[in-house]
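What follows is calculated from the coordinates using simple rules that are stated; it is not laboratory data. Computed from a predicted model, the values in this text were never measured in an experiment.
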Amino acid sequence: MELTVNGATHQVDVEPDTPLLWVLRDELGMTGTKYGCGVAQCGACTVLIDGQATRSCVTTVDSVAGVAITTIEAIEQDPEGRKVVEAWITNQVPQCGYCQSGQVMAATALLKQTPQPTQDDIADAMVNLCRCGTYNAISAAVRQAAQA
Ligand code: FES
Ligand code: FES
């Protein structure tokens with residue numbers, strides 16, 4: 001099967017129903033995308049599929065063959081992604097960091113869809129779990145990225 005990840009084409013020999021997360025991490029060595037729950041609850045595994053925030057732990061690899069997949073490894077090549085990362089650094093958002101690649105992907109998807117989000121838009125979109133409780137810093141960073 002052929003996957004397009006961060007603009008590059010990869011051939012992978014896996015079962016069609018393999019979760020995309022396993023393929024990214026174990027076949028392609030892209031370990032920035034994290035495994036948290038495996039059942040679409042936490043968002044640690046969030047990637048962009050055609051610009052949409054998508055939980056890769058429950059996305060079968062055959063459903064995204066030939067579609068543009070973006071992971072945290074390339075997010076700074078995206079104009080919105082770069083603004084998000086810069087705002088994350090300025091606001092010192094991460095604590096342990098485990099959830100943060102998923103948070104950055106979710107924030108980037110939000111700004112692609114809604115460049116000037118309201119506080120409600122941010123609350124609705126930024127639903128990934130953070131056990132360190134960085135939610136206020138996430139919200140501030142999204143607002144800053146939107147103004148950048
Ligand atoms: S690992 Fe995918 S949502 Fe938790
Ligand atoms: S920074 Fe630790 S889980 Fe979010």
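Working from Cα pairs under 8 Å separated by at least six residues, relative contact order for the chain is 24 percent.
Could you tell me which of rounded, prolate or oblate describes segment 2-74, using a ≥ b ≥ c as the square roots of the eigenvalues of the alpha-carbon gyration tensor, with rounded for a/c under 1.5 and, failing that, prolate when a/b is larger than b/c and oblate otherwise?
Working: a/c = 1.44, a/b = 1.24, b/c = 1.16.
Judged from the Cα gyration tensor, segment 2-74 comes out rounded (a/c under 1.5).
Computed over segment 73-148, the P(r) curve from all C-alpha pair distances, binned at 10 Å from the origin, holds 22, 61, 17 percent per bin.
Rounded to the nearest 500, the helix-only mean residue ellipticity at 222 nm of the chain stands at -9500 deg cm²/dmol, with each DSSP H run of n ≥ 4 adding -39,500 (n - 2.57). Kirkwood's formula applied to the C-alpha pairs of the chain gives a hydrodynamic radius of 15.2 angstrom. I want to verify a result. In a Gaussian network model of the chain, Cα cutoff 10 Å, which of these has the top mean-square fluctuation: Cys42, Cys132, Cys57? Judging by the Gaussian network model, the answer is Cys132. Rounded to the nearest 5, what % of the DSSP beta bridges within the chain are antiparallel ones? Taking every DSSP beta bridge within the chain, about 85 percent pair in antiparallel fashion. Reducing segment 117-148 and segment 1-21 to their Cα centroids gives an inter-centroid distance of 30 Å.
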